[in-house]
Amino acid sequence: MNNKENQLERRDVVQNTPETGEVINLGIAPGERKNNSTASKKAPTKAVRTAQKAVSVLLALVVWHIVSVIVGMDILLVSPIKVLLRLGTIWQEQNFVQTVVFSLFRITSGCLIGIAAGIFLAVLAGRFRVAEILLWPYVITIKSVPIASIIILCLIWLTFNQLTVFIAFLIVFPVVYANVLQGIKSTDKNLLEMATLYKIPWRRKFLYIYLPSIKPYLISASSIAMGMAWKAGVAAEVIGVVNGSIGEKLYESKIYFLNADLFAWTIIIVVLSVLLEKLLAFLIKIFFKRIEKL
């Protein structure tokens, strides 16, 4: 009886092959399919994921506070409470807005120029093999040379106002170029052959075949690029001690051992970077939705 009950509970799904008429046991029980479907339905919602991240941040702050209490010296590690209190007053300083706008404008400008140049040259390299070969040594050099070396060289060639823009551009360009080019190369070859067969113009091929393939690569690259632009841009401001920039504030915090200021400005940089990253991804998605409606 037990064997019969087990067989009734686990009914294997079978399928007849059209060529030979043989029966293939797929080994999938109806109950298993139901369990798989319910498991997929129980995936955490966006609100749950946000709550989990918030709890993770709170735990990190608790660990930070405990370590700062154990160290017991603000000059080595300031507590998160003091950093939060400093954040509440730092925005009231006279040049706070001008400092943020100064760095924000230059880093964002360099990032956007790098994204535009990366897309344009990647499309060119995807269309013409010669262009890819000619660009290869420049892309490899930019990716390989340490950013500190590039910043020091740029201090010789450029003014302080140009430094941040150029460094942000230089760090973003190879990331976007490589990702977009990979997206072009991964385009479905069958669709391209069909487009060639029916003599579809290259503009329409780009809009309706290449762009959907590029989309995930571009969104991912732009998200990474914005964070890298802020890292490299602020590093250039610190090394060059660019007057009126966030990098200058970080440098002063280090010189005068103002650890609360150092952490406060770092948090401001992280917030600006994350917000701009989300905004850029949102704008790119809107752009692709507009293109898809054409």
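The values are calculated or read from the model by the stated rules, or taken from the named source; none is laboratory data. Since we're looking at a predicted model, the values are computed, not measured. In this analysis, Cβ positions are derived from the backbone assuming ideal geometry, glycine residues included, and neighbour counts consider all displayed protein chains. These accessible areas exclude ligands, DNA and RNA; they are computed on the full protein's heavy atoms, side chains included. Shrake-Rupley method; radii C 1.70, N 1.55, O 1.52, S 1.80 Å.
Before moving on, here are some points about what is shown:
- Qualifying positions in region 59-100 - of a type in the set (Ser, Thr, Tyr) and either in contact with a strand residue (DSSP E or B) (Cβ under 7 Å, 6 or more places away or on another chain) or free of Cβ contacts under 8 Å to residues at least 24 places away in the same chain (or both): SER68, SER79, THR89
- Some residue of region 217-232 being among the basic types (Lys, Arg), in a helix (DSSP H, G or I) and under 24 Å from CYS111 (Cβ atoms): yes
- Condition check for LYS143: under 23 Å from LEU218 (Cβ atoms) and in contact with a Pro (Cβ under 7 Å, 6 or more places away or on another chain): yes
- Residue satisfying condition, being closer than 30 Å to ASN243 by Cβ and open to solvent by less than 80 Å² (accessible area, probe 1.4 Å), within set VAL180, VAL165, VAL71: VAL165
- Answer residue from region 133-154, given it is under 21 Å from the mean Cα position of the chain (by Cα) and surrounded by fewer than 12 Cβ atoms within 10 Å (Cβ to Cβ) and is farthest from TRP230 (Cα to Cα) among those: ILE140
- Among (1) open to solvent by 80 Å² or more (accessible area, probe 1.4 Å); (2) farther than 24 Å from VAL180 by Cβ; (3) among the hydroxyl-bearing types (Ser, Thr, Tyr) - the single one SER245 does not satisfy: (1)
- Scanning region 162-180 for residues that are in contact (Cβ under 8 Å) with a residue 12 or more places away in the chain and of a type in the set (S, T, N, Q) returns THR164, ASN179.
- Any hit, region 214-228, residues being open to solvent by 60 Å² or more (accessible area, probe 1.4 Å), of a type outside the set (Asp, Glu) and without any contact (Cβ under 8 Å) to a residue 24 or more places away in the chain: no
- The numbered conditions (1) open to solvent by 40 Å² or more (accessible area, probe 1.4 Å); (2) touching a Ser or Thr at 6+ places or on another chain (Cβ under 8 Å) are all true for LEU283 except (2).
- Boolean, ASN259 is in contact (Cβ under 8 Å) with a residue 60 or more places away in the chain, open to solvent by 80 Å² or more (accessible area, probe 1.4 Å) and of a type in the set (S, T, N, Q): no
- A search for C-beta distances below 8 Å between a residue of region 135-156 that is polar (S, T, N, Q) and any residue that is assigned to a helix (DSSP H, G or I), counting only pairs 6+ apart in sequence or on different chains, returns nothing.
- Output for region 76-118, where each listed residue is open to solvent by 40 Å² or more (accessible area, probe 1.4 Å) and either in contact with a Leu (Cβ under 7 Å, 6 or more places away or on another chain) or of a type in the set (D, E, K, R) (or both): LYS82, ARG86, GLU93, LEU104, ARG106
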